[in-house]
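Undergrad: To start, I am sharing the structure in question, which I have written as structure tokens.
What follows draws every value from the coordinates through simple rules; no lab data is involved. Only a predicted model underlies this, so the values are computations on that prediction, with no experimental measurement involved. Every residue, glycine as well, gets a Cβ built from its backbone with ideal geometry; the counts of neighbours run over all protein chains shown.
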Amino acid sequence: MKAVIKSAPGRGVDYVADHPDPKATDGHVVIQIAASSLCGTDRELYEWTPSAQAFGMNLPVVLGHEGAGTVVEVGAGVVGLRVGDRVALESHLACGRCFPCRTGAAHTCELTGIIGMHIDGVFAEYMAAPQEICVPLPESATLETGALLEAAGVAVHAIQRADYSVAGRAVLVSGGGPVGLILAHLARQMGAAHLVVVEPNPYRRGQADALDVRTMSPDDDVVQQCRDLTGHRGGFDVAFECSGAPGTLATLFEAVRREATVVTIGHPGRPTEIDIAAHVNKKGVTLRGIFGRRLWETWEQTMLLLDGGRLDLDWLITHRMPLDRVDEAVELLTGEAGKVLLVPGNGPAPS
Ligand SMILES: NC(=O)c1ccc[n+]([C@@H]2O[C@H](COP(=O)([O-])OP(=O)(O)OC[C@H]3O[C@@H](n4cnc5c(N)ncnc54)[C@H](O)[C@@H]3O)[C@@H](O)[C@H]2O)c1
Ligand SMILES: [Zn+2]
Ligand SMILES: [Zn+2]
């Protein structure tokens, strides 16, 4: 089969046309991948940055952790999945045995593996997936939408982590990449009163504009504008950090009101200083972070939003490419693009 492989430590990836097809071993299904999507992590893996190296990948490995497809083969011991089922994939492999896993916090599993890093992933025509990570899609959802649900789940998880407190609230989103934009889209759908996206890339600000949100550049006086918008409240009610850019957290702490909530999603590449006395103690800001999706509350919530017509992701897709154009796809991630899909078949992904 065609596949994109990280063969060895170092920059770049390999496209191969004759990788062996996977088999449906015990507890696994083989999925024909209809579409997969790239995210910033794939760029890190491509560039082989220190944070990529920190994942401890099992090389060589088929890359790709965001994808969806159709079950074409079912292994022994699989329950509840059949040939023909359309599924999205959770990307985290939880061990099921550690303390977090046994107490309902498997998203912080001590032994988390990730598809496309620790087992072969979705940048291929087929993937052998453990049955646990397959999430059946509602009939109304296309497989391309399915390929974006892993990323959408990150945004949903962040809203869950803020106790869903976006309705009627002043909501600040730092970073208008796919995660920030999906978060803004959901906050709009859920009835945010004020909604601001801070993003330096004009193309992405344009995508945010289309969501009927107020956009700002980090070069604008974000803090003053947020205070002006909220008057005597003194700042925004909730802020989501979705850029990973160093230094943004200080701006968010200043732009929110007393007793506000700040949720971090972006992973800064290095440790960040926080003014505990000014912001956490005296101002009373609650700081929370998220990793992946809560298993399985986030998926249940995401599917409810999808099925209820409240989560639309089609607008986010700007490029569809075959697997052999992966280098170009990675290049697009920092340019004029929203979500870039890799489609292994010829033509658009089947629905
Ligand atoms: N916590 C998790 O589980 C989790 C899951 C997925 C992604 N992430 C992280 O979340 C972040 C967002 O993911 P994404 O796929 O949307 O990434 P992305 O890189 O596509 O988006 C980040 C956006 O932030 C913008 N940005 C850069 N500097 C900024 C600044 N100073 N202020 C505001 N915006 C700025 C960039 O232009 C870009 O559009 C990344 O850091 C990613 O690694 C975390
Ligand atoms: Zn990702
Ligand atoms: Zn575990």
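Undergrad: With labels modelled as points extended 7 Å from the Cα through the Cβ direction, what inter-label distance (nm, one decimal) is found for residue 296 paired with residue 103?
TA: Simple spin-label model gives 2.3 nm for this pair.
Undergrad: Evaluate E = 1/(1 + (r/R0)^6) for residue 8 and residue 224, where r is the Cβ-Cβ distance and R0 equals 35 Å; express this FRET efficiency to the nearest 0.05.
TA: Calculated value: 0.10.
Undergrad: With runs of 4+ DSSP H residues as the only contributors, calculate the mean residue ellipticity of the chain at 222 nm using -39,500 (n - 2.57) per run, divided by the residue total and rounded to the nearest 500.
TA: Result for the chain, helices only: -7000 deg cm²/dmol.
Undergrad: Let me ask something else about it. Residue by residue, what Karplus-based ³J(HN,Hα) values in Hz, rounded to whole numbers, does region 23-31 have, using 6.51, -1.76 and 1.60 with θ = phi - 60° and x for Gly and Pro?
TA: 10, 8, 7, 3, x, 10, 10, 8, 10
Undergrad: Something else: Please give the length that would be gained between residue 83 and residue 23 if that part of the chain were fully extended, namely 0.36 nm times their separation in residues minus their C-alpha to C-alpha distance (nm, one decimal).
TA: 20.2 nm
Undergrad: Still on this model: Would you mind calculating the gained length between residue 132 and residue 259 on full extension (0.36 nm times residue separation, minus the Cα-Cα distance), in nm to one decimal?
TA: Contour length minus Cα-Cα distance gives 41.8 nm.
Undergrad: About the Cα centre of region 273-351, what is the dipole size in debye to 20, counting +1 per Lys and Arg Cβ and -1 per Asp and Glu Cβ, all else neutral?
TA: Approximately 420 debye in magnitude.
Undergrad: Towards the positive end of the charge dipole of the chain, with charges on Cβ (+1 Lys, Arg; -1 Asp, Glu), say which of 345, 249, 50 has the farthest Cα.
TA: 249
Undergrad: Take the Cα radius of gyration of region 154-289 and divide it by 2.2 N^0.38 Å, with N its residue count; two decimals is plenty.
TA: That ratio works out to 0.93.
Undergrad: Please report, largest first and rounded to whole Å, the three semi-axes of the ellipsoid equivalent to the chain, where each semi-axis is the square root of five times an eigenvalue of the C-alpha gyration tensor.
TA: 35, 21, 20
Undergrad: Another one. Return the whole-Å distance between the Cα centroid of region 119-148 and the Cα centroid of region 177-199.
TA: Going from one Cα centre to the other spans 26 Å.
Undergrad: If you rank 109, 98, 242 by fewest surrounding Cβ atoms within 10 Å, what's the result?
TA: In order of increasing Cβ crowding within 10 Å: 98, 109, 242.
Undergrad: What FRET efficiency comes out for the pair residue 324/residue 48, r = Cβ-Cβ distance, R0 = 22 Å, nearest 0.05?
TA: 0.60
Undergrad: Hey, another quick one. 5 Å is the cut-off here: which amide hydrogens, built 1.01 Å from N in the peptide plane, fall below it relative to residue 256, excluding neighbours closer than 5 in sequence?
TA: Amide H neighbours of residue 256: 236.
Undergrad: Run the numbers on region 38-133 and let me know its relative contact order in percent, using alpha-carbon pairs under 8 Å that are six or more apart.
TA: Relative contact order, region 38-133: 31 percent.
Undergrad: Once you sort the root eigenvalues of the Cα gyration tensor of region 191-233 as a ≥ b ≥ c, which label holds: rounded (a/c under 1.5), prolate (a/b larger than b/c) or oblate (the other case)?
TA: oblate
Undergrad: Just need the relative contact order of the chain here, percent rounded to a whole number, with Cα pairs under 8 Å and 6+ apart.
TA: Value for the chain: 18 percent.
Undergrad: Kindly state, to the nearest 0.05, the FRET efficiency for residue 163 paired with residue 110, given R0 = 22 Å and r defined as their beta-carbon distance.
TA: The formula returns an efficiency of 0.25 here.
Undergrad: In the chain, what % of DSSP beta bridges are antiparallel (nearest 5)?
TA: 55 percent
Undergrad: Give a residue-ordered list of calculated ³J(HN,Hα) values for region 120-128 (Karplus: 6.51 cos²θ - 1.76 cosθ + 1.60, θ = phi - 60°; whole Hz; x for Gly, Pro).
TA: So the J values, rounded to whole Hz, are 4, x, 9, 7, 6, 6, 9, 9, 8.
Undergrad: Quick check on region 1-149: take the gyration tensor over C-alpha atoms, sort the square-rooted eigenvalues as a ≥ b ≥ c, and tell me if it's rounded (a/c under 1.5), prolate or oblate.
TA: Oblate shape, in that a/c is at least 1.5 and b/c is the bigger or equal ratio.
Undergrad: Here's a follow-up. Sticking with the crude label model, points 7 Å out along Cα→Cβ, report the distance from residue 72 to residue 286 in nm, one decimal please.
TA: Each label point is offset 7 Å from its Cα along the Cβ direction, giving 4.7 nm.
Undergrad: Can I ask one more? Using 7 Å Cα-to-Cβ label points, what is the residue 55/residue 336 separation (nm, one decimal)?
TA: 2.9 nm
Undergrad: Another one. What are the semi-axes of the equivalent ellipsoid of region 234-314, taken as the square roots of 5 times the eigenvalues of the Cα gyration tensor, listed largest first and rounded to whole Å?
TA: 28, 15, 12
Undergrad: I've got another one for you. Over region 154-289, what is the mean sequence separation of C-alpha contacts under 8 Å (at least six apart), divided by residue count, expressed as relative contact order in percent?
TA: Averaging sequence separation for qualifying contacts and normalising by length gives 23 percent for region 154-289.
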